[in-house]
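Visitor: Dropping the structure in here first, questions after.
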Amino acid sequence: MTSSASGPTPPQDSRVLIFDTTLRDGEQSPGATMSHVEKLEIAELLDEMGVDIIEAGFPIASEGDFAAVRDIAQRSRQATICGLARANAKDIDRAWEAVRPAKSPRIHTFIGTSPLHRAIPNLTQDEMADRIHETVTHARNLCDDVQWSPMDATRTEWDYLKRVVEIAIRAGATTINIPDTVGYTAPVESARLIRRLIAEVEGAEEVIFATHCHNDLGMATANSLAAVEGGARQIECTINGLGERAGNTALEEIVMALKVRHDILPWTTRIDTTKIMNLSRRVATVSGFPVQFNKAIVGKNAFAHESGIHQDGMLKNAETFEIMRPADVGLKETSLVMGKHSGRAALRAKLKELGHDLSDNQLQDVFVRFKALADRKKEVYDEDIDALVRAQGAAEDALELKFLRVICGTEAPQSADLTLSVEGTDHQVTAQGDGPVDATFNAIKALVSHAARLQLYQVHAVTEGTDAQATVTVRLEEAGRIVTGQSADTDTVVASAKAYIAALNRLLVKRRTTSEGTDTKSVTYRDVV
Ligand code: KIV
Ligand code: ZN
């Protein structure tokens, strides 16, 4: 055994460990790619918020994934840092190499155990059982803290599930995670399964049982809480419920349910709930997945009261319609009104109030854009400032919009005159299209070589009024690589151009980091027309 770490403190009866997989299962969601810097920032915020275990990525997947997990491990403070590995020595060695620098490292290895999943590697039950024994033993020889998951556990035959869980425990697994990979289970069954495993599995008392639910039937939170009732003491979840298909269990829902209904759900977590809102906004921004307005806990409308009866009740006593205070999740009443006379110090204070801790360079960048916005808009709302922070260009971006003028209206053709900086050199082009956005996108396409298909184009108004900023989301797909870009501006066409360019910047990074698992291929651009 080469590691001296032994994972987070095993929970007392009332403690539930929070295992966040936003950076692994969340990031796996098509289009939710995050940059290296963004992953480090999210991991730091998760650690600060009190998450017990951060699953930082899948190190064998690419050089980029490996580097992110290793750098997160190096910077970790309180949280255990976990890396995912399939059931083979190469994956496990790579995961160990990445998490090893953490104060408290964990290897998470898994294999699909249901009949459908066993058919993929074409293994018999006995062959798979041997593989589990070998790989968990191998992981445990490297690291004291090993989590093992039978993927698709909720559709695995009971006898076989019991058998392989016992094998993993004998081989040294310290956490047994029971995934509902396809979101198939229901609360009553979820509780029953964990309870039965704890009662009947030999060695169950030596490990922590975890629950990992997907939200295909909208029951992920209920299933996770039911698993805790059944005896699970680790919940796997993501911020905003980000994750493949309908997503994973939402961290904010679990944590707030345990806090608000402590009377009937008597379990506690280490989470500082006042940090939830900021994390939710940051994850929405960097993943490019906006939070639905009526999403529990973190949706824009979660604490808004519009109907007369509700407003009247709220004014008399907030508890009439609110079961938790906005401040409990980090939503504050705004105290500073911002406008064109506000200076740098006021902007810094406002950003702090909104949960953005920017470096001097970042502040300067946001300040310049804030001034430009304040010249165009009477009042600058908190949402506008959030959008400015979100739209910040990353230093590593290869493409930057320099100039855009669009001719549009009832007379065809609509055309866009565009200047784009490509790795520091300006290129200019004029293109036509079917409307101003189409003309703008055609101009960008003329300058940047790609075969990406536009999967999604979405416009949201950040605040009310015709001078509101528009937030535009663009999702592109090229050869199986899906990327999302987001931007905001009072001019919808400019926001569209910037969002498209942001998506292309991510695509360029993704092309580099996913080409044959190396980081070395350089990006090529089509000649300027
Ligand atoms: O959903 C799932 O089964 C997973 C495993 C890798 C734990 O994410
Ligand atoms: Zn999952």
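Taken together, the values in this text are just the output of simple stated rules run on the coordinates, not laboratory data. Just so it is clear, the structure is predicted and the values come from calculations on it, not from any experiment. No Cβ is skipped: glycine too gets one built from the backbone with ideal geometry, and neighbour counts run over all protein chains shown.
Visitor: Ranking 108, 214, 356 by Cβ neighbours within 10 Å, fewest first, what do you get?
Guide: Exposure proxy ranking, most exposed first: 356, 214, 108.
Visitor: Straight distance only, please: which aspartates and glutamates reach the Cα of residue 445 with their own Cα at less than 19 Å, same-chain residues fewer than 8 apart left out?
Guide: Within the straight-line limit of under 19 Å, residue 445 reaches these aspartates and glutamates: 397, 400, 417, 423, 426, 434, 477, 478, 527.
Visitor: Now, a different point. What is the fewest-to-most order of 381, 500 by other Cβ atoms lying within 10 Å of their Cβ?
Guide: Values: 381 18, 500 26.
Lowest count first: 381, 500.
Visitor: Related question: Between helix 360-376 and the chain, what is the angle of the helix's C-alpha long axis to the longest principal axis, kept within 0 to 90° and rounded to the nearest 10?
Guide: With rounding to tens, the tilt is 50 degrees.
Visitor: What angle, in degrees between 0 and 90 and rounded to the nearest 10, separates the Cα long axis of helix 187-200 from the longest principal axis of the Cα atoms of the chain?
Guide: With both axes taken from Cα atoms, the answer is about 40 degrees.
Visitor: May I ask you to list the lysines whose Cα is less than 26 Å away from that of residue 295, ignoring any residue fewer than eight positions away on the same chain?
Guide: The qualifying lysines are 39, 259, 275, 316, 332, 350, 352.
Visitor: Shape of region 399-525 from its Cα gyration tensor (a ≥ b ≥ c, root eigenvalues): rounded if a/c is under 1.5, otherwise prolate when a/b > b/c, or oblate?
Guide: The shape class here is prolate.
Visitor: Tell me the label-point distance for the pair residue 419, residue 200, using the 7 Å Cα-to-Cβ offset, in nm and rounded to one decimal.
Guide: 7.2 nm
Visitor: Given Cβ point charges of +1 (Lys, Arg) and -1 (Asp, Glu) and nothing else, what value in debye, to the nearest 20, does the dipole of region 332-392 about its Cα centre take? If you can, show how the numbers build up before the last one.
Guide: Numbers: 12 positive and 11 negative charges, 51 e Å.
Rounded to the nearest 20 debye, it is 240 debye.
Visitor: Once you list every other residue whose beta carbon is under 10 Å from the beta carbon of residue 485, what net charge do they have if Lys and Arg are +1 and Asp and Glu are -1? Spell out each step's value before the answer.
Guide: Details: positive: 475, 498, 506; negative: none.
Once positives and negatives cancel, what remains is +3.
Visitor: Could I ask something else about it? How high is the relative contact order of region 137-284, in percent, with contacts defined as C-alpha pairs under 8 Å that are six or more residues apart?
Guide: Here the relative contact order equals 18 percent.
Visitor: Report the net charge of residues surrounding residue 8, where surrounding means a beta-carbon distance below 15 angstrom and charges are Lys +1, Arg +1, Asp -1, Glu -1.
Guide: Residues close to residue 8 contribute a combined charge of -1.
Visitor: What list of ³J(HN,Hα) values in whole Hz, one per residue of region 41-52 in order, does the Karplus curve 6.51 cos²θ - 1.76 cosθ + 1.60 (θ = phi - 60°) give from phi, with Gly and Pro shown as x?
Guide: Per residue, the Karplus-derived 3J(HN,Hα) values read 5, 5, 4, 5, 5, 5, 4, 4, 6, x, 5, 6 Hz.
Visitor: Show me 228-234, 367-373, 322-328, 429-435 ranked by packing, highest mean number of other Cβ atoms within 10 Å first.
Guide: By packing density, highest mean first, the sequence is 228-234, 367-373, 429-435, 322-328.
Visitor: Taking amide hydrogens as modeled 1.01 Å from N in the peptide plane, which residues meet the under 5 Å criterion relative to residue 217, leaving out close sequence neighbours?
Guide: Here the answer is none, since no amide H 5 or more places off falls under 5 Å of that of residue 217.
Visitor: Rounded to whole Hz and in sequence order, give me ³J(HN,Hα) for region 86-102 from the Karplus expression 6.51 cos²θ - 1.76 cosθ + 1.60, θ = phi - 60°, writing x for Gly and Pro.
Guide: Rounded to whole hertz, the list is 6, 7, 8, 5, 5, 4, 5, 4, 5, 5, 5, 4, 6, 8, 3, x, 5.
Visitor: Only four residue types carry charge here, +1 at the Cβ of Lys and Arg and -1 at the Cβ of Asp and Glu. Report the dipole size of the chain about the Cα centre in Debye, rounded to the nearest 20.
Guide: 540 debye
Visitor: At a 10 Å Cβ-Cβ cut-off, how would you order 280, 76, fewest neighbours first?
Guide: Details: 280 24, 76 21.
Going from least to most buried by this count: 76, 280.
Visitor: Identify the residues of region 218-248 with backbone N under 19 Å of a label point that sits 7 angstrom from the Cα of residue 116 along the Cα-to-Cβ direction, or state none.
Guide: Output list for this probe position: 218-220, 243-248.
Visitor: Here is a further query. Lys and Arg at +1, Asp and Glu at -1: add these up for the other residues within a Cβ distance under 14 Å of residue 196 and post the number.
Guide: In short, -3.
Visitor: Let me ask another. Students often check this: by mean Cβ neighbours within 10 Å, which of 196-202, 207-213 ranks highest, and how do the rest follow?
Guide: Packing proxy ranking, top to bottom: 207-213, 196-202.
Visitor: For region 429-483, what class follows from the C-alpha gyration tensor (a ≥ b ≥ c being the square roots of its eigenvalues): rounded when a/c is under 1.5, otherwise prolate if a/b is larger than b/c, else oblate?
Guide: Details: a/c = 3.09, a/b = 1.41, b/c = 2.19.
In terms of gyration-tensor shape, oblate.
Visitor: Related question: Classify region 143-249 from the C-alpha gyration tensor, please: rounded if a/c falls under 1.5, else prolate or oblate depending on whether a/b exceeds b/c.
Guide: Since a/c reaches 1.5 and a/b is larger than b/c, the shape of region 143-249 is classed as prolate.
Visitor: Do you know the relative contact order of region 332-392, to the nearest whole percent, from alpha carbon pairs under 8 angstrom that are 6+ apart?
Guide: Over region 332-392, the number comes to 45 percent.
Visitor: Helix 63-75 against the longest principal axis of the chain: what's the angle in degrees, Cα atoms only, rounded to the nearest 10?
Guide: Once rounded, one gets 80 degrees.
Visitor: For the charge dipole of region 118-238, defined by +1 on Lys and Arg C-beta atoms and -1 on Asp and Glu C-beta atoms about the Cα centroid, which residue among 185, 146, 207 has the Cα displaced farthest towards the positive pole?
Guide: 185
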